[in-house]
Every structure is written in C-alpha cells, then in structure tokens.
C-alpha cells in the first residue's frame, strides 16, 4: 500500500515506539474506559495493532471520523490525569498519554487503510518505509492494565523521604531542601528547607516541588 512517508519520519516513528515503552515502564504512564474493565480486544486472526499520528489536538476528531466510516477498526486513546495550579486552585483534567498518537486495531486491507490513513486530522501511520509498523499486543495490554483500575492513569510525584527537592513556585521559590513526609493536611507535604545554614520544616503543595 502506498504510504507518503519520508525515510526520516519513519525512523522517528520506530524510535518513538522505544520512547513509549521507556515511559510506560518508568511509571509515567489510557480511550476512556469504565474502571475495572477487562481487556476488550480478543485475539483476532490477522488483526494487528498500529500507531497513527494525528495533527495536534485532533485525536477525538479522528476517532469520530473513523467510527463514522467503518466498524472494522478499533481505536485506543490512552489518557492520563494531569493536575495544574491556576490562581491557587488545583485543576484536574484528562489528556492523551501520548499527545497526537492513537493505537488502531484492524485487518490491514484497502477499506480499513482508506478509512484510517486519509481521515481528516491524520498525519501518517508509523512504518518502516514500506509497510506500517506493528505494535506488540503485549505492550497494548500492559498499557490497558495501567488504565483499568480508574479508567485512566493517575501518576504521583514519587517523592521519597530524604530526596533533595527545589521549590518552583510561591514565596519559597528557588529554595532547596529535603523531602520529609506527607502531612495530615490534604495535598500538602513536609519539606526541610535550607535557611541560613539550617533546616526548617515547611508544609508545601507537592506540585510546587521538583527533584534536584
């Protein structure tokens, strides 16, 4: 099948697969799914997983278009919970785990290729220059297992006692210290900040910290 991909882009796609595996196993890692759902994609003779790159912020648009065109393609959009601070308040949202990428499960034939490759908002299907690059089903299952408990992935800051940290925001911005422990107050942690050669305990929002 005719793919309008350059060799450089294909190589980046292969390297991108390695990046996803690294991120997954590092714990930084889902389609919105019901909490506790089992893996809904049973093995199918000839059906394989592929990776589609979309234009920025076009993931939902592409999914909608594919579903209108064909029922022969399953699409998996892993999501992750992102927490940001705005005007002193925590704002939680669900965003794509791999922005601008979708996993598609399909038989590779002219009809599915037409529906997927030329859907509005699609840039390309990752491949090796001659054919689309198959994604190991084990990788998809592993991502799904991370998603299943909540329907999305929730990632903590992974602070451990004794870790050196730096304050990014607020009145203590720029100060360094040692992470001690969470506190009884919701969404606060205790840090020993370095003031004038001594360590002083301060309670801080963990979103304002970074590892040194």
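The values are calculated or read from the model by the stated rules, or taken from the named source; none is laboratory data. Here the structure is a predicted model, which means the values were calculated and not measured. FYI the Cβ positions are ideal-geometry reconstructions off the backbone, even for glycines, and counts take in every protein chain you see.
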Next item on the list: Find the residue count for the stretch 130-158, including only residues that are at pLDDT below 80 and either in contact with a strand residue (DSSP E or B) (Cβ under 8 Å, 6 or more places away or on another chain) or surrounded by 12 or more Cβ atoms within 10 Å (Cβ to Cβ) (or both).
Entry: 6
Notebook entry, point to check: Does residue 33 meet the test of being surrounded by 10 or more Cβ atoms within 10 Å (Cβ to Cβ), more than 14 Å from the chain's Cα centre (by Cα) and modelled with pLDDT under 85?
Noted result: yes
Note to self: Can you list the strands (runs of 3 or more DSSP E) lying wholly within the stretch 43-132 that have 3 or more residues being closer than 30 Å to residue 187 by Cβ, outside the structural domain of residue 206 (by TED's automatic domain parsing) and over 20 Å from the mean Cα position of the chain (by Cα)?
What the structure shows: none
Notebook entry, point to check: When the stretch 170-180 is examined, which residues are found to be surrounded by 12 or more Cβ atoms within 10 Å (Cβ to Cβ) and not in a strand (DSSP E or B)?
Noted result: 170, 172, 175
Check: Going by the structure shown, is residue 56 modelled with pLDDT of 95 or more and out of contact with any strand residue (DSSP E or B) (no Cβ under 7 Å at 6 or more places or on another chain)?
Finding: yes
Next item on the list: Give the residues of the stretch 181-200 that are assigned to a strand (DSSP E or B) and under 27 Å from residue 90 (Cα atoms), sorted by residue number.
Entry: 181, 182, 189, 190, 191, 192, 193, 194, 200
